[in-house]
Amino acid sequence: MPNYWLFKSEPDVYSIDDLKRDKKTYWDGVRNYEARNYLRDKVKIGDLVLFYHSNCDEPGVYGICEVVKEGYPDFTQFDPSNKYFDPKSKEDNPTWFMVDVKFVKKLKKPVLLEDIKSNPKLSKMRLVQKGNRLSIIPLTESEFEEILKMSGE
DNA sequence: GCCAACGTTGGC
DNA sequence: GCCAACGTTGGC
């Protein structure tokens, strides 16, 4: 039984089309402790992930990917030239973690944030709760399935 | 571009 | 340990 997640990405930085082109990517730059704990401890190989576009004209879920490598240290935290560099993190005790995901599919049509907000079955998702900023969000199986249904999948 | 909500930092 | 200041997120 896989777990289900929603990962946010700004499409100007990395979009579902980038993942489709690359087939696979590492999920770098998560710098929030709660999200880090999910990546380090809970996100497992075979888990399914909704790929969400944030901070853009039409925020919403645009695709699906699958976890292919479980939590390991995010190497960008050790690279002074990287924008995610964290001088406080030590290689023998890394602060930040990443996972790898592979492209599964783009949704036939995106499920936009406004659609998610207007669906009462999805009102418990942290995505739509007040002040939400978490970039790695756990989903129930029924929430995941409901979003696929809304996309016409 | 604005700004509310939130997490982090650092002085005390 | 408190909390004001600050930086970031992300919808609008």
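For the reader, a short list of remarks on this structure follows.
- Once the stretch A:1-34 is narrowed to residues that are among the hydroxyl-bearing types (Ser, Thr, Tyr) and within 13 Å of the chain's Cα centre (by Cα), the residue that is surrounded by the fewest Cβ atoms within 10 Å (Cβ to Cβ) is A:26.
- Evaluation of residue A:43 against the conditions (1) modelled with pLDDT under 95; (2) under 20 Å from residue A:142 (Cβ atoms); (3) hydrophobic (A, V, I, L, M, F, W, C) shows that the sole unmet condition is (1).
- Residues being free of Cβ contacts under 8 Å to residues at least 60 places away in the same chain and charged (D, E, K, R) - total across the stretch A:18-49: 6
- Check on residue A:153, at pLDDT below 95 and within 14 Å of residue A:48 (Cβ to Cβ): yes
- Checked across the stretch A:140-152, the condition of being within 14 Å of DNA strand C (Cβ to nearest atom), of a type outside the set (Asp, Glu) and closer than 25 Å to residue A:42 by Cβ holds for no residue.
- Between A:68, A:104, the distinction of being touching a Cys at 6+ places or on another chain (Cβ under 6 Å) and either at pLDDT 95 or above or on the phi > 0 side of the Ramachandran plot (or both) belongs to A:104 only.
- Hits in the stretch A:137-153 (condition: part of a helix (DSSP H, G or I) and of a type in the set (Ser, Thr, Tyr)): A:142
- Qualifying positions in the stretch A:38-63 - within 11 Å of DNA strand B (Cβ to nearest atom) and at negative phi: A:56, A:57
- Scanning the stretch A:1-37 for residues that are within 15 Å of DNA strand B (Cβ to nearest atom) and part of a strand (DSSP E or B) yields one hit, A:8.
- Within the stretch A:70-108, being within 18 Å of residue A:15 (Cβ to Cβ), surrounded by fewer than 18 Cβ atoms within 10 Å (Cβ to Cβ) and under 17 Å from the mean Cα position of the chain (by Cα) holds for A:100, A:102, A:104, A:105, A:106.
- Test for residue A:57: is it without any contact (Cβ under 8 Å) to a residue 12 or more places away in the chain and outside any helix (DSSP H, G or I): yes
- Residues of the stretch A:72-119 satisfying the condition of being polar (S, T, N, Q) and touching a Phe, Trp or Tyr at 6+ places or on another chain (Cβ under 7 Å): A:76, A:77, A:89
- Of all residues making up the stretch A:109-125, the number that are crowded, with 16+ Cβ neighbours inside 10 Å and not in a loop (DSSP other than H, G, I, E, B): 7
- Single residue of the stretch A:126-136 satisfying the filter (part of a loop (DSSP other than H, G, I, E, B) and touching a residue at least 24 places away in the same chain (Cβ under 8 Å)) that is farthest from DNA strand B (Cβ to nearest atom): A:135
The values are calculated or read from the model by the stated rules, or taken from the named source; none is laboratory data. Predicted model, so just to flag it, every value in this text is computed and none were measured. Because the Cβ atoms are built from the backbone with ideal geometry, glycine has one as well, and the counts that use them run over all protein chains shown.
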